[in-house]
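Participant: Could you have a look at this structure, given as structure tokens, before my questions?
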Amino acid sequence: MSRRLSPHAPRQLSPEREEQLLAAAREAFFSCGVNAATMDDIARRAGVGKATIYRRYKTKEELFEAIILASAQKIAKELEGFGLDPDRPRASLREAARWIQRINKVPEHTHVVRQIIAETPRQPELCRRARGLILITLTRRLTDFFELLISLGRMEHDYPQQAAITFALFSGGGLRPLFDALDSREVEQRRLDADLTMFLEGCRIRDRDGAG
């Protein structure tokens, strides 16, 4: 005699089906917002019954949490893709800035940040964790690098953590991506180059051979 599953027993989905569900939920949350999105809409987009969703996620907020944390981890991993060379810090920081600029222009990443901002009043702890995954990953690497440069006498700054935050902010285009206010590629590149020059010169960053 077969054993009936409890109505509340978790139902395991195949990885492909799970990703299909999460993709549908991302689409609903990012296009409508968490408040306006409904489980009916998510189920329709995913091609599953609501009962299947509720067996995996007890509430809409729990489903949103899974999506936001997974997306934040993905962004954090991608932000780790640039190299930093203490012997040639000027060139490597220019490369890092362009890498951060490119990551910040990805539409899905912009949607994630917008949702984190929008949901902070309702889900402060979740949004704090998501922000931490993204910001700590990036600023910790930059802070460590700046501290190393300062110890080697190749940078002058009395607050390397703030230097890291400043670098990450202007490299990502400031708030412009969040407001769909990015200009042409050429204009954005000019802005980045100008900010980089101001940062490198203002912090007196020099290569190993003294260049800069």
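Participant: Please specify each residue of segment 20-40 satisfying the condition of being within 18 Å of GLU65 (Cβ to Cβ) and part of a helix (DSSP H, G or I).
Facilitator: Once the filter is applied, which keeps residues that are within 18 Å of GLU65 (Cβ to Cβ) and part of a helix (DSSP H, G or I), segment 20-40 yields LEU21, LEU22, ALA23, ALA24, ALA25, ARG26, GLU27, ALA28, PHE29, PHE30, CYS32, MET39.
Participant: Moving on to the next point. Please determine whether any residue of segment 180-194 is among the aliphatic types (A, V, I, L, M), at pLDDT below 95 and touching a Lys or Arg at 6+ places or on another chain (Cβ under 6 Å).
Facilitator: yes
Participant: Okay, next question. Tell me yes or no: at least one residue of segment 55-66 is in a loop (DSSP other than H, G, I, E, B), basic (Lys, Arg) and at pLDDT below 95.
Facilitator: Within segment 55-66, one or more residues are in a loop (DSSP other than H, G, I, E, B), basic (Lys, Arg) and at pLDDT below 95.
To keep it simple, each residue is scored yes or no on (1) part of a helix (DSSP H, G or I); (2) crowded, with 18+ Cβ neighbours inside 10 Å; (3) outside the structural domain of GLY172 (by TED's automatic domain parsing).
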| site | (1), (2), (3) |
| --- | --- |
| GLU78 | yes, no, no |
| GLY83 | no, no, no |
| ARG98 | yes, no, no |
| HIS111 | yes, no, no |
| ILE116 | yes, yes, no |
| GLY132 | yes, no, no |
| LEU142 | yes, yes, no |
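Participant: Can you pull out every residue in segment 168-182 that is touching a helix residue (DSSP H, G or I) at 6+ places or on another chain (Cβ under 6 Å) and at positive phi?
Facilitator: GLY173
Participant: Which is assigned to a helix (DSSP H, G or I), free of Cβ contacts under 8 Å to residues at least 12 places away in the same chain and among the polar types (S, T, N, Q), of GLN161, GLN189?
Facilitator: Every option except GLN189 fails the conditions.
Participant: Taking ALA164, is it touching a Phe, Trp or Tyr at 6+ places or on another chain (Cβ under 8 Å), hydrophobic (A, V, I, L, M, F, W, C), modelled with pLDDT of 95 or more and assigned by TED's automatic domain parsing to the domain that holds GLU78?
Facilitator: Considered against the rule, which asks whether it is touching a Phe, Trp or Tyr at 6+ places or on another chain (Cβ under 8 Å), hydrophobic (A, V, I, L, M, F, W, C), modelled with pLDDT of 95 or more and assigned by TED's automatic domain parsing to the domain that holds GLU78, ALA164 comes out as yes.
Participant: I'm told GLY153 meets every condition in (1) out of contact with any Phe, Trp or Tyr (no Cβ under 8 Å at 6 or more places or on another chain); (2) in a helix (DSSP H, G or I) except one. Can you identify the failing condition by its number?
Facilitator: (2) is the only condition that GLY153 fails.
Participant: Still on this structure: Based on what the data block shows, is ASP207 among the acidic types (Asp, Glu) and either under 22 Å from GLU80 (Cβ atoms) or surrounded by fewer than 16 Cβ atoms within 10 Å (Cβ to Cβ) (or both)?
Facilitator: In short, no.
Participant: Considering segment 200-212 alone, what residues qualify as being under 14 Å from THR166 (Cα atoms) and either touching a residue at least 60 places away in the same chain (Cβ under 8 Å) or assigned to a loop (DSSP other than H, G, I, E, B) (or both)?
Facilitator: Within segment 200-212, LEU200, CYS203 qualify.
Participant: Here is a follow-up. Here is a check on your reading of the model: is GLU19 on the phi < 0 side of the Ramachandran plot, in the same structural domain as PRO177 (by TED's automatic domain parsing) and modelled with pLDDT under 90? It would help to see each step written out before you state the result.
Facilitator: Working: on the phi < 0 side of the Ramachandran plot: yes; in the same structural domain as PRO177 (by TED's automatic domain parsing): no; modelled with pLDDT under 90: yes.
Taking the combined requirement at face value, the residue does not satisfy it.
The values are calculated or read from the model by the stated rules, or taken from the named source; none is laboratory data. All figures in this text were calculated on a predicted structure; none of them were measured in a lab. Note that we place each Cβ from the backbone using ideal geometry, even for glycine, and neighbour counts take in every protein chain shown.
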